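The values are calculated or read from the model by the stated rules, or taken from the named source; none is laboratory data. The shown structure was predicted, so the numbers you read here are calculated from the model rather than taken from an experiment. Every residue, glycine as well, gets a Cβ built from its backbone with ideal geometry; the counts of neighbours run over all protein chains shown. Remember, those area values only see protein heavy atoms, side chains included, never the ligands or the DNA or RNA. Shrake-Rupley method; radii C 1.70, N 1.55, O 1.52, S 1.80 Å.
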Amino acid sequence: MKSSKRKLELQGFNNLTKSLSFNMYDICYAQTPEHQARYIEYIDEVYNAQRLTEKLQDVADIIGAHVLNVASQDYDPQGASVTILIAEGRPEKQDVVAHLDKSHLTVHTYPDVHPHKGICTFRADIDVSTCGEISPLNALNYLLRNFEADIAIMDYRVRGFTRDVSGKKIYMDHRMHSIANYIDSRIRHQYNIVDVNVFQENIFHAKMMLKEFDLDNYLFDVTAAELSREEQQRIRRKLRQEMAEIFYGRNLPAIKI
């Protein structure tokens, strides 16, 4: 059966592919199994497919992309996924131009609970992939602010090549030194940041870990004032241990704070 959709015109299109990928982590402490179950329910409500779709549509607006199609799904017992197909620019009529199927926005969520220590971890994997002149880097600060990550691990890569009018290949159409340079200074100063960049391959990597945190923002169904000083310190160590292990990508000996 023939498709009724019209083909999209790409003549003279800048076909460099720019991809920005995030792993964002939110850490919480929920002491009892009942608290942990309520935390999972809370995350599943705050980050359900409908709300994630709204966030990705905001990203499309920020980078100047036109939404072509949205696919979303909530999962049982928890988690959600959203994929949005985008094109460069906003067409003035029904025809859509300058679109490649590599242009998309996706998010997948992964709530997790430690079986013994009360630590709950919520992860959101986000990909913003564009072709043409629109840049996913324009959405960087919006995503960092909206997900309020304790840990953020980011990769940015420019793939392929395009040609100028003389036929010369262009492998990068903008200056790029590191992802951190694109992060708002008010956000950047809250984190310890490590950059690893492979300039000759147009590959850029950054990971961020929150420097300081207010314990009350990490407790679920209880406040710090309800806990003894020793219990507060014990929970702080657990939270910092979880953050450090995610940041360094390995299980670590017990840390002291």
What is the set of long-range amide H partners of Gln78 at a cut-off below 5 Å, with H atoms built 1.01 Å from backbone N? none
What residues qualify as long-range amide H neighbours of Tyr191, i.e. H under 5 Å apart, gap of 5 or more or another chain, H built at 1.01 Å from N? Lys211
Kirkwood hydrodynamic radius of the stretch 174-257, Cα pairs, Å: 15.3
What residue among Ile62, Ile170, Ile119 has the largest mean-square fluctuation in a Gaussian network model of the chain, using Cα springs under 10 Å? Ile170
Output the 0 to 90 degree angle, nearest 10, between the alpha-carbon long axis of helix 49-63 and the longest principal axis computed from the alpha carbons of the chain. 50
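For the chain, what is the accessible area per residue in Å² when the probe is 1.4 Å? All intermediate terms of the calculation are to be shown ahead of the outcome.
Values: 14630 Å² over 257 residues.
The answer is 57 Å² per residue.
Can you divide the C-alpha Rg of the stretch 107-174 by 2.2 N^0.38 Å and report the result to two decimal places? Each step should come with its number before you reach the end.
Details: Rg = 17.9 Å, N = 68, 2.2 N^0.38 = 10.9 Å.
That works out to 1.64 for the stretch 107-174.
If the viscosity is 1.567 mPa s and the temperature 4 °C, what Stokes-Einstein diffusion coefficient in µm²/s follows for the chain when Rh is the Kirkwood radius over Cα pairs? Walk me through the numbers before you get to the answer.
Details: Rh = 20.2 Å.
It diffuses with D of about 64 µm²/s by this estimate.
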Can you work out the Karplus-derived ³J(HN,Hα) for every residue in the stretch 127-139? Use 6.51 cos²θ - 1.76 cosθ + 1.60 with θ = phi - 60°, whole Hz, and x for glycine or proline. 10, 10, 10, 10, 10, x, 8, 5, 10, x, 4, 5, 9
Run lengths n ≥ 4 of DSSP H only: what is the helix-derived mean residue ellipticity at 222 nm for the chain, with -39500 (n - 2.57) per run over all residues, to the nearest 500? -7500 deg cm²/dmol
Pick from Arg234, Arg175, Arg145: which residue has the top mean-square fluctuation in a GNM of the chain where Cα pairs under 10 Å get a spring? Arg175
Mean Cβ neighbour count within 10 Å, used as a protection proxy, ranking 151-158, 210-217 highest first: 151-158, 210-217
Using the charge dipole of the stretch 164-257 (Lys, Arg: +1 at Cβ; Asp, Glu: -1 at Cβ; taken about the Cα centre), state which of Ser228, Met176, Leu239 has its Cα farthest towards the positive end. Met176
Between Tyr142 and Val165, what FRET efficiency follows from the Cβ-Cβ distance if R0 is 45 Å, with the result rounded to 0.05? 0.85
Can you list the residues, at least 5 places off or on another chain, whose amide H is less than 5 Å from the amide H of Leu219, using H built in the peptide plane? Tyr29
Just to confirm the number: angle between the C-alpha axis of helix 33-46 and the first principal axis of the chain, 0 to 90 degrees, nearest 10? 20
With each pseudo-label sitting 7 Å past Cα toward Cβ, what's the Asp76-Arg51 distance in nm, one decimal? 2.2
Could you please state how large a percent of the accessible area of the chain is carbon and sulfur, counting protein chains only and using a 1.4 Å probe? 47
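Hey, any idea what Rg/Rh is for the stretch 23-166, computing Rh the Kirkwood way over Cα pairs? It would help to have the intermediate numbers written out before the result.
Numbers: Rg = 17.7 Å, Rh = 16.6 Å.
Result: Rg/Rh = 1.06.
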Over the chain, with a Gaussian network built from C-alpha contacts below 10 Å, which listed residue (Ala71, Ala87, Ala124) shows the highest mean-square fluctuation? Ala71
Enter the angle in degrees (range 0 to 90, nearest 10) between the Cα long axis of helix 229-248 and the first principal axis of the Cα atoms of the chain, meaning the one along which they spread out most. 30
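Sorting Lys18, Lys169 by accessible area (1.4 Å probe), largest first, what list results? Walk me through the numbers on the way to the answer.
On the way: Lys18 5, Lys169 85 Å².
The residues order as Lys169, Lys18, largest area first.
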